[in-house]
Structure formats: structure tokens, C-alpha cells
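The values are calculated or read from the model by the stated rules, or taken from the named source; none is laboratory data. Given the structure is predicted, the values throughout are model-derived calculations rather than measurements. No Cβ is skipped: glycine too gets one built from the backbone with ideal geometry, and neighbour counts run over all protein chains shown. In case anyone asks, the SASA skips ligands and DNA or RNA and just uses the protein heavy atoms, side chains included. Shrake-Rupley method; radii C 1.70, N 1.55, O 1.52, S 1.80 Å.
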Amino acid sequence: MSDLSSAAHNPPVGNRSRLSRVVRRILFSEYLVLGLTLLYMAVLWPFVPEILNPSNLEDIFLQVLPLFIAAIGLMFVLMVAQIDLSATSIMAMASVVGASIMTSQGGYLAGSAFAPVVAIVAFLAVGALIGALNGICTAYFGMPSFLVTLTTMMFFSGSAIWYTAVHTDSGSSIGSLPAAFVGLGYGDLFRIGDLFGIPYAGLVTLAIAVGAHVVQSRSVFGKWLFAVGLNPQAAAISGVPVNRVIVWTFVISGLLSAIAAVIYTGRLEAGTPILGQRILLDIIGAAVIGGVSLFGGTGRGLGVFFGVLFLSVVDNGLQLLGLSLSSVYAIKGGVILFAAVTDAIRHRVIARG
């Protein structure tokens, strides 16, 4: 009788191992987050049918694009076991610098046909320079990336406000931007009536996603990324230029944050020093939810896209339910915390083999 009781409470080893394999397969599936997104929408649909309206789905898609670009940049940094908290301050600084060049109200190139092009170059230059600063301080000076990027976030957030005050009477934003630039925010191709078109921002995002995939899977730099993230000491012994790889990940993050700033600035039709102020947690959370490990060595663009989509759908659904902004932040924070805990568990499972 005791043997039967013991068997009931202790399943055979074969069953436990089979269950363990199923749990691992679900835990490590790159489509888990997509499945949760679809499930969330299905559960919410009876309460807020608007969530599946074509216009609302278009809004979600447009919200995803610049956030995905910034999250891809962060993915590269996380892959080498670093962190970049300065993404939103890069957006703000790039936004006001670019706007000051092309605004018709006293811009450096006001009225010039080349103003939008030069302004976009300025966006990218600001992103690359701040990213390089973050990378050099982290890699060559041995400073913790958390401290470096927290400091640059504070410095350039304040600098963006000062720069705006110098270049405009209102001090809040730099408007009157050229139509050619503004079109990058919401402009699209092949739109027929009210039907969904192909946004310019979507084409830019697709090009970046494909480029990131090629870099990760087909280039030597991609192999170096994984090597540095998994074991920087072993990578250095193998001849990988660890410091240069780390610097370049921060430069990429800065560049992609600047590109996201181009889209956001075009949509707002103004350069603002508080651009992206509330989305830093979304950028980090989307990457972690998408399977990019905080411990380095893992990350895929497709997973990041699913993470961004999930957060955007959650945000949209909670707003449609009429929840307060504080409630939305609390729930999203809980979701991101759960993702971080899951990442820690996943890391321990990998470590145990």
C-alpha cells in the first residue's frame, strides 16, 4: 500500500523528464510572446471590441515602429551584457538639434531644400557621438555602463532643455518644420482611400530589422557579439577585440535611438526636449520580454519585435479599458518585472545545462 502511495506522489522519472522538456520548449520558444499577445487580444475583445478595429490596429502598428527601432539598438548593448539608459535623452537631444537646423523660424538652414537632409545627418551624428561617449567610458575607462548612461541621460536631458531655450522664445519646442521632413512621421505609400498604406517609417524599420539580422547571423561582428556576451575573458583570449565591440554596440544603440527620434519628431512636427521621456521602460522591457537576456549572449530581432508588439498591445488595451495612466504604468511595470524574473530563471536553467 505504501508503494502505491509513493508512486502516486512521485511520478515516474520518464514523465517528469517529459514534462520538463515541454516546459523548457515553451519557456524558450521565440513565439511564446506572440502567442500571449494574441491571447491577450482575444480575452480583451469582448470587453473592448475596438481593439480589433482596423484604425486601432493601424495605431498600434505605427506605435510599434519607432519603439522597435530603439529596442533593436538596446538589444545590441544587452547582448554584450551592458545597459544603455540614455536612449531617450539621445532622442531628445537629436530632436532639438535637428529641428534647429530646418525650422523656418530662424533655423540654420531655414528655407533651404537641403535642410531636411542635413537635419537628419545631424540627428545621426548626435546619436553616434553620444553612443561613442558611452561606449568609450564603459569599455576603455572600465566604468559601469549603468552609471555612465545614467549620467549621460541626465546631462543630455538637461542640455536638450537648455538648447531649446536658446533657439526658441517659447522654450518648450522647436516647430515649423518642413513638410518633406514631417512626412517621415505619418507619410505612406500606396494608400487607397482609408485603407492602410505602407508607412515610410515602416520601410525604414524593415530595413533596420533586416540589417540587424544580417549583422547578427552573417557577419564576424555578430559572432563577436555573442562571444563577448557569453564570456568576455574567453573572447579576448580568442582574439576578439572586446573593447571595440562594446563601443560599437553603444554607437549602434545611439544611431538607432536617433532614427527613432526622426520618426517621433516628424509625427510631433516639432523638436522637443522631452521626446521619449516616458518610453525608456518600454524600450528595455520590450527587449527583455522579447528574449534578450540581461546577462548577455542572447538576442534576436524577431523576439524584440514580438516584445514591442506585446507591450504596445497591452498599453493600447489598458487605455481602451479606461484605466488611469498610473494604473497602466503599474501593470506594465509588473509585466516587465515578470519578464526579468523569467529571464533570470532561464539563465539559471541554461547554466545548469
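The packing ranking of peptides 61-69, 294-302, highest mean first, is 61-69, 294-302, where packing means the average number of other beta carbon atoms within 10 angstrom of each residue. Using the charge dipole of the chain (Lys, Arg: +1 at Cβ; Asp, Glu: -1 at Cβ; taken about the Cα centre), state which of V341, M93, S112 has its Cα farthest towards the positive end. Comparing the listed Cα positions along the dipole, V341 ranks first. For segment 89-203, the C-alpha radius of gyration divided by 2.2 N^0.38 Å, with N the number of residues, is 1.28. Rounded to the nearest 10 degrees, the inclination of helix 145-167 to the longest alpha-carbon principal axis of the chain is 20 degrees.
Against the main long axis of the alpha-carbon atoms of the chain, helix 301-320 sits at an angle near 80°. Calculated from the alpha-carbon coordinates, the chain shows an Rg and a Dmax of 22.5, 92 Å respectively.
The residues of the chain have, on average, 50 Å² of accessible surface per residue, using a 1.4 Å probe with all protein chains present. Solvent-accessible area of the chain (1.4 angstrom probe, protein heavy atoms only): carbon and sulfur portion equals 69 percent. Principal-axis analysis of the Cα atoms of the chain puts helix 87-102 at an angle of about 20° to the longest axis.
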